Structures are given as C-alpha cells and as structure tokens.
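This report refers to the structure that appears directly beneath it.
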Amino acid sequence: MRFYRPLGQISALTFDLDDTLYDNRPVILRTEQESLAFVRGYHPALSQIENSDFKQLRQALREAEPDIYHDVTEWRRRAVEQAMLNAGLSAQDARAGADAAMANFARWRSAIDVPQETHDTLKALAAKWPLVAITNGNADPSLFGLDGYFSFVLRAGPDGRAKPFSDMYHLAAERLNLPLGEILHVGDDLTTDVAGAIRCGVQACWINPYDADLMQACDSRLLPHIEISRLASLTALI
C-alpha cells in the first residue's frame, strides 16, 4: 500500500466493478462472441454481420446523440435495433429482436467468476462500513453474487452521467447521508475513478494489479490518496 495524500476520516467505501473486483477482460471477450453469434442466428439477413459493423453503428449513434455513451446498455440496444432495421426487419420486429439480443447479452455479461479474495475482502469491509458500487458498465452484481455486500448500486445512465462526471459520486454521498470527503472510492481507472473522485472531493484508492508506474502512466492526472496492488490490502484500513 502506497500513500500519496493523507487519508481523512472514512465513513463509507464506493467501488468500481469491472477490473476492480474481478478481471473483466475474458468476460467481455466471451460476451462479444456470444452476442454476435446470437444476432447472426436471429435472422438469415443478419448471418454475415460483424462486430465491426456494430462498432460503426455505435459510432454513428454517438455522433448523432453525444450523450448516449453515458448509458452503455441503451447505446448497445439501439445499435442492435438499427442493425436489424438495416437488414430489413420491420420496426416492431427490430425492437423485439434487440430486446432478445440484450437479454442474451445480459446473461453472458454477468457470467463472472469472482475471486474468493474479493468475497472475503468485501465481507470484512462491509462489517465496518457501508459499501456502494458505482459503475459505468452494465454488469449486474446480483447475478454473480456480490449484491449482498452493497447498500446499493449506481449505474451510469439511469443514475447520472458516467464517471469521471461527478453525478454518481454526489448521488452516493446523498443516499449515504455523508459528506463527499468521508467516502473512499476504489477503482482501477486513473481517469474515471481516481481523477473523477478527487475532483468532486471524494478520497480515492487506485487498485493497480499489473504494477503500472503511476508516474509514467499516460492517463495519470491526479494522485490518488492510496495505491494498492491487491484488493485485500484494504483490510489494513479496518
């Protein structure tokens, strides 16, 4: 554990999900593969579609509606719906197809193997402080056994703009009835989690499992309060 700023009082902890509490890379790879296979099999007109096609559709949507990226689930659903419309499906069938594709996506997106260390650490921390999940993504903790540790979960889109915007940090403080400065946010991303938290007055813990050099990292903007390489290190704060 490395300290860069003095820690103040901690009355609650908030956590990013993806790549903070588990390795999200294999989950995303498998989910993209399964999602593409589902869409290809949904209708013959979609049998040759590629992930690159969806990337182009998402980019076009963002150019037309810049704020859509704050809700990654709706952004994806709209791209699938547009792909189905482009393939010749009726508006009604495209909506139904997009909903079916998103149900399939949700199943794979939350098929996550959570390390036992994460369970043990969150259990220990939750015995002392209220814990909250704050995510820009669309994994559902209730589907992979983490929801029981959190007082509530905040998601970009339904609960405000994506990190590093301060919406969800402020909402967490409001719901916890705590000052922003008494919350410690834990995350892997130096922009969304560290800089986002620091700029709105929340204390920040950077989890750095791959031994990156904070002073050399290209996305390092603001120093966190502390840096850890393993989630279990947080129990030293108890």
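The values are calculated or read from the model by the stated rules, or taken from the named source; none is laboratory data. None of these values were measured; they are calculated from a predicted model. Note that each Cβ is placed from the backbone with ideal geometry, even for glycine, and that neighbours are counted across all protein chains shown. Heavy atoms of the whole protein, side chains included, go into the accessibility calculation; ligands, DNA and RNA do not. Shrake-Rupley method; radii C 1.70, N 1.55, O 1.52, S 1.80 Å.
Given 25 °C and 0.890 mPa s, compute D for the stretch 110-199 with the Stokes-Einstein relation, Rh being the Kirkwood radius over Cα pairs; round to the nearest whole µm²/s.
Values: Rh = 13.7 Å.
Value of D from the Cα-based Kirkwood radius: 179 µm²/s.
What the Kirkwood sum gives for the stretch 156-238 is a hydrodynamic radius of 13.2 Å, with every pair of different alpha carbons counted.
Within the accessible area of the chain, what % is carbon and sulfur when the probe is 1.4 Å and the other protein chains stay in place?
On the way: 5620 of 11400 Å².
Looking at the chain in its full context, I get 49 percent from C and S.
Helix 72-86 axis versus longest C-alpha principal axis of the chain: approximately 10°, rounded to the nearest ten. The phi torsions of the stretch 113-126, fed into the Karplus equation with coefficients 6.51, -1.76 and 1.60 and a -60° offset, translate into couplings of 8, 8, x, 4, 4, 5, 4, 5, 5, 5, 4, 5, 5, 5 Hz, rounded to whole numbers, with Gly and Pro shown as x. On full extension, the segment bounded by R175 and Q59 gains 38.3 nm, given 0.36 nm per residue less the C-alpha separation.
Among 7-19, 187-199, the peptide with the highest mean count of other Cβ atoms within 10 Å heads the list, and the full ranking is 187-199, 7-19. Between the helical axis of 167-176 and the longest alpha-carbon principal axis of the chain there is an angle of about 60 degrees.
Applying Stokes-Einstein at 4 °C and 1.567 mPa s to the Kirkwood radius of the stretch 9-54, computed over alpha-carbon pairs, gives a translational diffusion coefficient of 98 µm² s⁻¹.
How large is the charge dipole for the stretch 140-238, taken about the Cα centre, if only the Cβ atoms of Lys, Arg (+1) and Asp, Glu (-1) carry charge, to the nearest 20 debye? Mind showing how you got there, number by number?
Numbers: 7 positive and 13 negative charges, 41 e Å.
With only Lys, Arg, Asp and Glu charged at Cβ, the dipole is about 200 debye.
Look at the dipole of the stretch 71-190 built from charges on Cβ: of G88, T121, L154, the Cα furthest out on the positive end belongs to G88.
Extension gain D23-Q9, at 0.36 nm per residue separation less the Cα-Cα distance, in nm? Could you put the intermediate results ahead of the total?
On the way: separation 14, 0.36 × 14 = 5.04 nm, distance 2.96 nm.
Taking D23 through Q9 to full extension adds about 2.1 nm, to one decimal.
Over every pair of different alpha-carbon atoms in the stretch 11-137, take the mean of 1/r and invert it; report that Kirkwood radius in Å. Mind showing how you got there, number by number?
Working: mean 1/r = 0.0609 Å⁻¹.
16.4 Å is the Kirkwood radius here.
Equivalent ellipsoid of the stretch 161-203: semi-axes from √(5λ) of the C-alpha gyration tensor, largest first, are 16, 11, 8 Å.
Dipole magnitude of the chain about its Cα centre, charges +1 at Lys/Arg Cβ and -1 at Asp/Glu Cβ only, in debye to the nearest 20?
Details: 23 positive and 32 negative charges, 38 e Å.
Dipole of the chain, to the nearest 20 debye: 180 debye.
Here, the stretch 23-86 yields an orientationally averaged convex hull projection of 4.6 nm² when only Cα atoms define the hull. A viscosity of 0.692 mPa s and a temperature of 37 °C, combined with the Kirkwood radius over Cα pairs in Stokes-Einstein, give a translational diffusion coefficient for the stretch 69-119 of 267 µm²/s. Let a ≥ b ≥ c be the square roots of the eigenvalues of the Cα gyration tensor of the chain; is it rounded (a/c under 1.5), or, if not, prolate (a/b larger than b/c) or oblate? Because a/c hits 1.5 or more and a/b exceeds b/c, the chain counts as prolate. Accessible area per residue for the chain is 48 Å², calculated with a 1.4 Å probe on protein heavy atoms, without ligands, DNA or RNA.
With Cα atoms defining each centre, the stretch 30-68 and the stretch 130-204 are spaced 28 Å apart in the structure.
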